[in-house]
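What follows is a set of notes on a single structure, which appears directly below.
The values are calculated or read from the model by the stated rules, or taken from the named source; none is laboratory data. Everything numeric in this text was worked out from a predicted model, so none of it was measured. Please note: Cβ atoms are built from the backbone with ideal geometry, for glycine as well, and neighbour counts cover all protein chains shown. Ligands, DNA and RNA are excluded from the accessible area calculation, which covers all protein heavy atoms including side chains. Shrake-Rupley method; radii C 1.70, N 1.55, O 1.52, S 1.80 Å.
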Amino acid sequence: QVQLVESGGGLVQPGGSLRLSCAASSSIFSFDTMGWYRQAPGKQRELVATKPRFGSTRYADSVKGRFTIIRDNAKNTQYLQMNSLQHEDTAVYYCNAVDVATMTDNWGQGTQVTVSS
């Protein structure tokens, strides 16, 4: 089973930017969908962005135009570029990789993003 390790979280002021990384222990080429999810305190985990192997990228309405998901198969890494960060973006961000053929749903351990002045 692939291991996913997130990094790049931290404390940032409103309006600032962060770039999260998710490094996989093996090739991500075959994953049907890779994505980012987040969970704020007291709330359910929610979708941020997904990028399928084929097809269109999907973003939550709350992050459209501010976040960009990047899938780099050559580096076995995906990224989440986050711009114009808002207090509401504060959450633990999780990397996800889905393989339909093996019915596996892989998660990273999460990285904390805190937006505060």
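Counting only residues that are modelled with pLDDT of 95 or more and charged (D, E, K, R), how many does the stretch 52-71 have?
4
Within the set of pairs 6 or more residues apart or between chains, which connect a residue that is under 24 Å from Arg19 (Cβ atoms) inside the stretch 87-106 to a residue that is part of a loop (DSSP other than H, G, I, E, B) and modelled with pLDDT under 95 with Cβ atoms less than 7 Å apart?
Ala97/Val2; Ala97/Ile28; Ala97/Phe31; Val98/Phe31; Val98/Asp32; Asn106/Gln1; Asn106/Val2
So which strands (runs of 3 or more DSSP E) stay within the chain end to end and still have 2 or more residues that are open to solvent by 40 Å² or more (accessible area, probe 1.4 Å), at negative phi and in contact with a strand residue (DSSP E or B) (Cβ under 9 Å, 6 or more places away or on another chain)?
The qualifying strands (runs of 3 or more DSSP E) are 4-7, 18-24, 33-39, 46-52, 67-72, 104-107, 111-115.
Which count do you get for residues in the stretch 1-42 that are among the basic types (Lys, Arg) and free of Cβ contacts under 8 Å to residues at least 12 places away in the same chain?
0
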